[in-house]
Amino acid sequence: MKKKIVATLLTAVMAASALAGCAQKVDPNADTAASKEATEETTQDATKEEAKTDETAAPEEKTIESCEIEFWHGMSNKQEEVLTQLTDEFNSSNEYGITVTLVNQGSYGDLSQKLQAAAAADGLPDMAQAYNNWLNPYIDKVVDLSDFVATDFDNYDDIIEAYRNECSEFGFVHALPFNKSTYVMFYNKTVLDELGLEAPKTWEDLTTIGEAYVEKYGNAAWGVDDLAGFVEASLRQNGEGYVDATGALFNTDGGLETMTYIMDLYNNGLARLVGEDKYFSNVLSAQAMLGYIGSSTGASYITADGWELGVCPVPSNKESAAYCAGTNLVMFTQDSNKQLAAWEYMKWLTSAEATVTWAVGTGYLPVRTSAYESAEYQEFMASDVTATAAYEQSDAFFTSLASYDASNDVRTAVAAKMEELILDETEPQDALDALVEEINAQF
Amino acid sequence: MKSTKVSNLVLDILKFTILILGAIITMMPFVWMILSSLKTSSEITAIPPTFFPKDPQWSNYQEAWSRAPFLRYFVNTVIVAVGSTFGVLITTVLSAFAFSRLNFPGKKLIFSLLMATLMIPGEMLVITNYITVYNMKLEIGETRIMGIDSYGALIIPWIASVFYIYLLTQFFMQVPDAIYLAAKVDKCSDWKFMWKIMLPMNKQAVVTIGILNFISSWNAFMWPLLVTNDPNMRVLSNGLTQFQSEAGSDYQLIMAASCILVMPIIIIYLFLRKYIIEGVTRSGLKG
Amino acid sequence: MEKKSMKGWLYLLPALIIITVFTLYPLIRAFSMSIMLDYDMIHNTFTGYGLENYQKVLSDKSFHKALGNTTIYAVVVVPCSIILSLLIAAMINGTKKTKGLFQTIYFLPYVTSVIAIGIVWSWIYNSRYGLLNSIISFFGFDPIEWLNKPKYALPALIIFAVWKSMAFNIMVFLAGLQTIPKEIYDAAKVDSTPRWRVFLRITVPGIAPMIVYSYIMGIISAFKVYNEVYSLYGGKAGPADSAITVVYYIWKKFYQSFKYGEAAAAAVILFFIILAFTMVQKLVRKFLSR
């Protein structure tokens, strides 16, 4: 018994220090008042957990009554198949008689609307996949997992740091990472070889390679699927901040440099908007461009017919920064027995074994460092260029801050404004001013 | 006289040319949809485009079909479409009759009020209705009549439509008052008059409303997804979301699934068309 | 008509119950939401009453844009669709053997789900491999980037919408044409009245109620346009939001910004605009019939 308490305490302290550590590492925002507050809060919270766990001291034998857990997700096709397979495995092998029921709620858009409606009707499911910015209006209905992570989780530090940051940005652990992806660069290797050039590593490379391609083929060379994500990543690559709860943070010289880099790519015809083609995977497949930055899960939509697909980390500048997308697992059930049951399932989905199966089967990324190092995943990576590129940039992973009210608006406003600025071939300084103004107007 | 004949012929030719051209424009997107459903994903976005698929991929249909329980969806879609159409016809005929033939206090006010409800976008009402349905859970024995995952939730909110009430009222108003008065003289009750005279006289309008409602119920998408969690309660149009993700879409499969979605209704329409025309000729007899 | 009695209400009852629960009630809620400050739908809390939501919406540039687009859309789509549909319906009505065939074909756009057909139209509009540009370049014009350039975003939407809405109008007009007695046409034939005169003097007045109906319904649904935008641009409102409509704006405020009060205020404003449009139409009709 004593041993157990000590162990629990130890994990709690570790979790607390890890959390505090992360919060500081949300680098560009670290010196703003808001994030400092968050840091303090997290630490306090974690300390509270410590006290709490001490009081309730985990019982010797955990008992969970047999129950059914409803899990809303937005996965389809192959992804849904693998999720079903993992869930079946859990349902048949868990010792408590827990049955997880998967409920497919359509696309992310459908899922988020449905969660919002369910929150309003007080009918949230036991568990769901969710992005942080969906949760702002009903974060109070999300179960605080800090306690669970502290007392009953296998090596939380093994979870990739960027994901841990994301899952605690509301000031407590509200989620566990699940279907994570990152933006990588997909390119036509055959054409690049013809040009006698190497894959781009820096901003300058993008420009010089792009110029060579445009000169020879006439088409714009580059594209990005998610403009807002690209702007944020580029700012971070230049050591700049993006947006926090107070507004835009990049009305600086470094911000201007970044906008100059971006706007020059477009204004000089090296990059183009996706427009009518909807996804660049279509354009690349039709060999009408050299390469694009898009989600690592998009690989399955690229058909390399008569050319070879290359994948590399996103080109960077002063620092490297790679945007991470994908949802997390959140818990809503208020029933304490169901919480324990749902936690068992969440632990399973984020276990090294399951995350590897998941990643190999779907093209999403493992959520644990140890999973990357596992023999099975290493073997998979050897044959999968996308996974290799994603792994190469895993030290530079970051997620966009989403725990402020206007985060959803900022995302769409930046994408629409950037499109407008690019269509109008705006000068970098004007573009910077307009973008900053647009972002601040969302608050 | 001769010149009018010639000009009539010219006009006829002109008429058919316009009609045929218009028909081609109208049909083109459908033809394109069917042809695309048989292409490979790379052929769909190929430049220059191919009109006919090089090598028809019938397996697209097989794959689309296997992605979701379409058969079950189909059955549900039919149940919901038939149920809501039946309900709509009853409430619409009753209301249209009241508005066109009966005199009651507050008639003008309630009519304007109903018309006003058309002017607010449905997107605004959805969440409130979701909350209503969520709280209306009603089970008789093992069967759920109302609430999430019930046919009631899929059907009942849609069994009255101001849109159709207004349309049918317009038709009913056209029936000359003389017929109504004559019936009154014959001691025909309002109820009997409605079923025996009004309805048959406006058969075509009623069938038209039935078809319009059937189709919109068939294609309804957002509401069925919202009020169901159980895949066994979903409908065909929900199957379309299986082929899109944030990183790309399987267009050929979306097109195949769309064809699966549209075909039954076209067949039903073709079948019912004969009935409509028959209804028209019969109602033409009244003179 | 007989004297007033409560019987009418009995006939109305079934429809009224449903409409009250699923339309009137949420409608009243929407109205009240629009005057609640900082209304939070999820927790059902607010900080007071006032007109700030209206102020915010009315001073929002994005709302102005949406309102402008929607008005242009309604003013162009509805008349175009009605005139074309009327001509087509009259032509179809004048055919004999092929009537059923044409009727079926012209009704097709109404049958299919707007999601699927929006995707097809976005291919038709494609600047490089789209059908429309093939036709345009056949006549020697330069291809147009329909879906890439903000200035074409609205025209592209309008063409698609006219195509889509004609089916319903043709159907209604054909139904209306059946109610015009054949004898009148036969009489006109004997008198060898020119066809355009027959069309203007017999056909159009004969189905005037259907035209009014189509106009009102057309205006109402045009002001509520949303699905067409969503499906044509694959979930966006055109390049740089250039084809944003009022309902799209409302949807965005509601589901994306979680500003329920502002969304409701925008919906109420839309309500009064549609009301004004239908009132004007009513006044014009009264004036003309005098």
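For this structure, a couple of remarks:
- Using C-alpha pairs below 8 Å separated by at least 6 residues, the relative contact order for chain A is 23 percent.
- Degrees between helix A:352-362 axis and first principal axis of chain A (Cα, 0 to 90, nearest 10): 40
- Relative contact order of segment B:67-283, pairs being alpha-carbon contacts under 8 Å that are 6 or more residues apart, as %: 33
- Relative to the longest principal axis of the Cα atoms of chain A, the long axis of helix A:428-440 makes an angle of roughly 30 degrees.
- The charge dipole of the protein assembly as shown, taken about its Cα centre with unit charges on the Cβ of Lys, Arg, Asp and Glu (plus for the first two, minus for the last two), comes to roughly 9020 debye.
- Of the residues C:V76, C:V57, C:L27, the one whose Cα sits farthest towards the positive end of the charge dipole of segment C:1-84 is C:V76 (charges of +1 on Lys and Arg Cβ, -1 on Asp and Glu Cβ, taken about the Cα centre).
- Most mobile of B:T45, B:T77, B:T169 in a GNM of chain B (Cα contacts under 10 Å): B:T45
- Set of aspartates and glutamates with alpha-carbon distance to B:K187 below 18 Å, sequence-local pairs under 8 removed: B:D177, C:E2
- Ignoring aspartates and glutamates fewer than eight residues from C:K99 along the same chain, the ones with Cα atoms less than 19 angstrom from its Cα are B:D12, B:E278, C:D186.
- Taking segment C:63-289 and dividing mean pair separation by its residue count, relative contact order in percent (alpha carbons under 8 Å, at least six apart): 29
- Using Cβ point charges alone (K and R +1, D and E -1), the dipole size of segment C:14-173 about the Cα centre works out to roughly 620 debye.
- Peptide-level mean, for B:12-24, of C-beta atoms on other protein chains within 10 Å: 4
- Peptide B:211-224 is shielded by partner chain Cβ atoms: per residue, an average of 3 of them sit within 10 Å of its Cβ.
- For the peptides B:257-263, A:374-380, residues were scored by their other Cβ atoms within 10 Å and the scores averaged per peptide; the highest-first order is B:257-263, A:374-380.
- Exposure proxy ranking, count of Cβ atoms within 10 Å, fewest first, for B:C188, A:C312: B:C188, A:C312
- Cα-based Rg / Dmax (Å) for segment C:63-289: 20.0, 66
- Rg and Dmax, both from the Cα atoms of the protein assembly as shown and both in Å, are 30.9, 115.
- Relative packing of peptides C:120-126, C:102-108, C:6-12 - highest average C-beta neighbours within 10 Å first: C:120-126, C:102-108, C:6-12
- DSSP H segments from chain C that extend 20 Å or more along their own axis, Cα-based, with Kyte-Doolittle mean of 0.5 or above: C:61-94, C:150-177, C:208-223, C:260-289
- Protection-proxy order for peptides A:421-430, C:92-101, A:223-232, A:388-397, each taking the mean of Cβ atoms within 10 Å per residue, highest first: A:223-232, A:388-397, A:421-430, C:92-101
- By the beta-carbon count within 10 Å of each Cβ, the least crowded to most crowded order of A:T362, B:T85, A:T63, fewest first, is A:T63, A:T362, B:T85.
- Inter-chain neighbour count for A:404-414: the average number of beta-carbon atoms from partner chains within 10 Å of each residue's beta-carbon is 2.
- Cα-Cα over 30 Å, subset of A:K78/A:K216; A:K78/A:K114; B:K15/C:K182; A:K318/C:K252; A:K114/A:K201: A:K78/A:K216; A:K318/C:K252; A:K114/A:K201
- Axial C-alpha extent at least 27 Å, average Kyte-Doolittle at least 1.0 - helices from chain B (DSSP): B:2-36, B:70-101, B:251-285
- Extension reserve of the B:F16-B:A182 stretch, reckoned as 0.36 nm per residue once the Cα distance is removed: 55.3 nm
- All-pairs alpha carbon distance profile, segment A:117-180, 5 Å steps from 0, percent: 4, 15, 29, 24, 17, 8, 3, 0
- Within the protein assembly as shown, antiparallel bridges make up roughly 65 percent of the DSSP beta bridges whose residues both belong there.
- Candidates A:V414, A:V82, A:V103: whichever shows maximal mean-square fluctuation once chain A is modelled as a Gaussian network with Cα springs under 10 Å: A:V103
- Charged-residue dipole, Cβ positions (Lys, Arg, Asp, Glu), segment B:67-283 about Cα centre, Debye nearest 20: 800
- Residue (of B:G210, B:V78, B:L199) at the positive-pole extreme of segment B:67-283, dipole from beta-carbon charges: B:L199
- Restraint check, C:K224/C:K286; A:K417/C:K253; B:K108/C:K286; C:K151/C:K224, Cα-Cα greater than 24 Å: C:K224/C:K286
- The modelled label-to-label distance for the pair B:V82/C:F141, using points 7 Å beyond Cα in the direction of Cβ, is 4.9 nm.
- Sparsely packed loop sites in segment A:259-315 (the chymotrypsin sites (Phe, Trp or Tyr not before Pro) outside DSSP H, G, I, E and B with at most 12 other Cβ atoms within 10 Å) do not occur.
Readers should treat all values here as calculations from the given coordinates under stated rules, not as data from a laboratory. None of the values given here were measured: they were computed from a predicted structure. Glycine gets a Cβ as well: all are built from the backbone with ideal geometry, and neighbour counts include every protein chain shown.
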